[in-house]
1. Can you find, within segment 1-11, the residue that is modelled with the lowest pLDDT among those that are among the hydrophobic types (A, V, I, L, M, F, W, C) and open to solvent by 100 Å² or more (accessible area, probe 1.4 Å)?
2. Can you tell me which residue is most open to solvent (accessible area, probe 1.4 Å) among those in segment 107-122 that are within 23 Å of Leu148 (Cα to Cα) and either aromatic (Phe, Trp, Tyr) or outside any strand (DSSP E or B) (or both)?
3. If a residue must be surrounded by fewer than 17 Cβ atoms within 10 Å (Cβ to Cβ) and in contact with a Ser or Thr (Cβ under 9 Å, 6 or more places away or on another chain), how many such residues does segment 80-106 contain?
4. Considering only residues that are open to solvent by 60 Å² or more (accessible area, probe 1.4 Å) and touching a Cys at 6+ places or on another chain (Cβ under 7 Å), which ones fall in segment 12-58?
5. Given the residues Lys79, Lys54, which is the only one that is closer than 30 Å to Ala123 by Cβ and either in contact (Cβ under 8 Å) with a residue 40 or more places away in the chain or hydrophobic (A, V, I, L, M, F, W, C) (or both)?
6. Restricting to segment 123-156, what's the tally of residues that are surrounded by fewer than 16 Cβ atoms within 10 Å (Cβ to Cβ) and in a loop (DSSP other than H, G, I, E, B)?
7. Determine which single condition His102 fails, assuming it passes every other condition in (1) under 30 Å from Leu55 (Cβ atoms); (2) assigned to a loop (DSSP other than H, G, I, E, B).
8. Counting only residues that are open to solvent by 70 Å² or more (accessible area, probe 1.4 Å) and in a helix (DSSP H, G or I), which one in segment 63-79 is modelled with the lowest pLDDT?
Amino acid sequence: MLKHDPRQCVARCLSIDAVAEMVLREVLVSALGMQSLDRYMSTVLRQISTLTDKLSNTALTRMMNYDPERLVSPIHKAKPGVDDQMTLGFKGLGLKQMAAYHHNVPQGFILSTELFSAMPAMAHRPLFDDTLDRVRRAIGDLERETGLRLGDPSRLLTLSIRSGAAISMPGS
């Protein structure tokens, strides 16, 4: 059984729990490959702790659950794990299914429910900027596919923007 020696706690002005954590970290870090993981986790925890002062608990939770890879789904390209009614809404999924059956559906993309889920966290500038970049890339891809350009009167790309819900509500 180990006995508590208060000298390390006093010398470092730390509680016994904090000193115990430091000792455990030193033991773990000495294991092969654990040092990199420890550094990474420390960085992540520092970043999260700085965000707790800037974002509400709801926004922080939404940001932690946000998957930016699920934000944009091109209409004519299958995206497993994204192409479902809960993520794309009824209208969006319907467009993708019609395109998959080779119906005449124009090029386009769908912004998934990931955007709505992450909205409370958009006050965090890096998340906001990344989201805008992803939408801009989707528009750029659409411009390349169609040969049209957003805002160019001679080759005008027009967009149809529709809201949708996962479940259709009568009267809405």
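The values are calculated or read from the model by the stated rules, or taken from the named source; none is laboratory data. Being a predicted model, the structure only gives us computed values, none of them experimental. For neighbour counting, all protein chains shown are included, and Cβ atoms are generated from backbone atoms with ideal geometry for every residue, glycine included. Accessible surface is based on the protein model in full, side chains and every heavy atom, while ligands, DNA and RNA are left aside. Shrake-Rupley method; radii C 1.70, N 1.55, O 1.52, S 1.80 Å.
1. This residue is Met1.
2. Looking at the filtered set, the residue picked out is Gln107.
3. 5
4. If the condition is that a residue be open to solvent by 60 Å² or more (accessible area, probe 1.4 Å) and touching a Cys at 6+ places or on another chain (Cβ under 7 Å), then Ser15, Ile16 are the ones that fit.
5. Step by step, each of Lys79, Lys54 is checked, and only Lys54 is closer than 30 Å to Ala123 by Cβ and either in contact (Cβ under 8 Å) with a residue 40 or more places away in the chain or hydrophobic (A, V, I, L, M, F, W, C) (or both).
6. Selection size over segment 123-156: 6.
7. If we test His102 against (1) under 30 Å from Leu55 (Cβ atoms); (2) assigned to a loop (DSSP other than H, G, I, E, B), just (1) comes out false.
8. Among residues in segment 63-79 that are open to solvent by 70 Å² or more (accessible area, probe 1.4 Å) and in a helix (DSSP H, G or I), the one modelled with the lowest pLDDT is Met64.
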